[in-house]
Amino acid sequence: MSRSPSLPFDLSGIRLQPGRGLARQLYQALRERILDGRLGGGARLPASRELATRLGISRNTVTRALDQLYAEGYVAGRVGDGTYVAELPRSRPTPSPTVTPAALDPALQRLQAHHLPLPPSGAPRAFRIGVPAFDLFPFETWARLQARFWRKPAAERLGYGDPAGDPRLRELIAAYLRNSRGLACEAHQVLITCGSQQAISLCARLLVQPGERVAVENPGYRAAGHAFAVAGAQLCGVAVDGEGLDVTALQRLENCRLAYVTPAHQYPTGVTLSLPRRLALLEWAKRVNGWIVEDDYDGEYRYSGTPLAPLAALDEQQRVIYVGTFGKLAFPALRLGYLLLPPALAERFARRQALEMRHSEVGAQAVMAEFIAAGHFQRHVRRMRQAARSRRDALLAAWPKAIRGCSPLPAVEAGLHLSIRVESLARERELIGAARAAGIEMNPLSDYWLPGSEPAEDARAGLVLGFAAVPEAQIVEALQRLRQAWKL
Ligand SMILES: Cc1ncc(COP(=O)(O)O)c(C=O)c1O
């Protein structure tokens, strides 16, 4: 190491802020100067006592900073001879620039701009939205099937599997969709995903180029909108009325080739997309040579009214990508969902899935396959539908009749939640604040609109309530508390 003891040791510019980890600040300031060459290799550091005096900090703090620099090889010491800046290789790493939002790449900037609040966690409470009656899940059966699978797993299942998912599960899902949803489909069109969200993200990454327009329902499922926005899409909110998505408004949108919709039970309004609108939507996709992502997240839950065939069942042009999830039938934490893809897309999606995560975890897929094959799934679906209906009835029967500024409860023919209009944002805030203070969950309808879009603020106000999360007695008890909280 060549020594340059005569060089004055320049501490100018080092400003340490009290109370914020002085040793760390000093370490960072010295490291930055060593890396950018302001402190050249061989420069001798002043003694720790002197450094402490010049910087106005304790000697202990200096020692801690120097110890760290020493441990990482930025300085070297010789017994009795002080501490020197180490000779770093010529192609030394440049210090990472301070990352400002402007310096982030566009994808990261989009991620920051589309921050998605997480759904509530913890044990379900009245009236949590988005969760089914998972207190009814047959965990004993599931545990037995799990144990059977893991006790002696076939060796060929423990390596890398098909990126599209467990072949048996795909067969069984295809058969289920043929029988219960009227979809003419084959197993090779099914791709197993880690829940609907991953399925929607795959669609966003594979079907959208940055800058392209994507139509989403407004109000709508914000997590889907976020996935498209993060993939670079320009979101276009399309209004929803009593018949579902306003397809005429969609047809007027120029340069838009992808629409994300929830036709069975619009999220969050609960409207079902009418048959004429379904046909018009399919016609739109054909005309623009585009895609429809049909999210059938809670399609199994229909209590009355005519069940309409999914768009994918009416799709003669192979333009619909159907998204399904086990999250609303079993429980969300299972993270098991699927895509039913037009045959022309199946290979591309499987390749992308392989790139992103190889494939979903083998155990849950194998156990779900056995769960379906042994008839447990169909039984469970029937039970869940009955339970959700009876929980809906408990809510409808005990809901307070006249709440100032609130529309009456709508007819609830499907799904796991309902929404009620409220006269103004101020009243929405007041009702939700009082409910939350009483330990009752409900979501503001105003949260589901795209920022900066129509309609005027007060027209967005409302309450969204899930009714399936807890048993009837808890619903009744929560409504009693709500009456007190709302002073009814
Ligand atoms: C509209 C919609 N789609 C999909 C899902 C389910 O998502 P996942 O399967 O990723 O849990 C939800 C859950 O709340 C939802 O509301």
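Values quoted throughout were computed directly from the atomic coordinates according to the rules given, and no laboratory measurement underlies them. Remember, it's a predicted structure, so these values are computed and weren't measured experimentally. Using ideal geometry, Cβ is built from the backbone for each residue, glycine included, and neighbour counts are taken over all protein chains shown.
Just a few scattered comments:
- Rough spin-label spacing in nm, given labels placed 7 Å along Cα→Cβ, for ALA309 and ARG24: 6.2 nm
- Normalised by the number of residues in the stretch 243-304, the mean separation of alpha-carbon contacts (under 8 Å, six or more apart) gives a relative contact order of 42 percent.
- Placing +1 on the Cβ of every Lys and Arg and -1 on the Cβ of every Asp and Glu, with nothing else charged, gives the chain a dipole about its Cα centre of roughly 1260 debye.
- Taking a sphere under 12 Å around the Cβ of VAL238 and counting the other residues whose Cβ falls inside, with K and R at +1 and D and E at -1, yields a net charge of -1.
- Relative contact order of the stretch 153-216, pairs being alpha-carbon contacts under 8 Å that are 6 or more residues apart, as %: 26 percent
- Per residue, the chain reaches -12500 deg cm²/dmol at 222 nm when only DSSP H runs of four or more residues are counted, each adding -39500 (n - 2.57).
- Under 18 Å from the Cα of LYS401 - lysines, other chains or at least 8 residues apart: LYS487
- Rounded to 5, percent antiparallel among DSSP beta bridges of the chain: 60 percent
- On Cα atoms only, tilt of 22-35 relative to the major axis of the chain in degrees: 80 degrees
- What separates the Cα centres of the stretch 427-457 and the stretch 380-421 is a distance of 18 Å.
- Pairwise FRET efficiency - GLU87 versus THR53, Cβ, R0 = 22 Å, nearest 0.05: 0.20
- Derived scalar couplings between HN and Hα for the stretch 424-429 equal 7, 5, 4, 5, 4, 4 Hz in order, rounded to whole Hz, by the Karplus curve 6.51 cos²θ - 1.76 cosθ + 1.60 (θ = phi - 60°), x for Gly and Pro.
- For LEU136 and VAL476, the FRET efficiency from 1/(1 + (r/R0)^6), where r spans their Cβ atoms and R0 equals 25 Å, is about 0.85.
- Loop trypsin sites (Lys or Arg not before Pro), the stretch 257-358, which have at most 15 other Cβ atoms in a 10 Å radius of their Cβ (DSSP): ARG358
- The GluC sites (Glu not before Pro) of the stretch 228-285 that meet both conditions, a loop assignment by DSSP and at most 11 other Cβ atoms within 10 Å of the site Cβ, are GLU254.
- Alpha carbon Rg of the chain, scaled by the compact-globule rule 2.2 N^0.38 Å: 1.28
- Label separation (GLN251 vs ARG168): 4.9 nm, computed from points 7 Å beyond Cα along the C-beta direction.
- Straight-distance crosslink candidates among aspartates and glutamates, where the alpha carbon sits under 20 Å from LYS152 and sequence neighbours closer than 8 are dropped: GLU140, ASP166, GLU361, GLU370
- Förster radius 56 Å - calculated FRET efficiency between LYS487 and ARG178, Cβ distance, rounded to 0.05: 0.60
- Between the stretch 24-48 and the stretch 285-327, the Cα center-to-center distance that results, in Å: 63 Å
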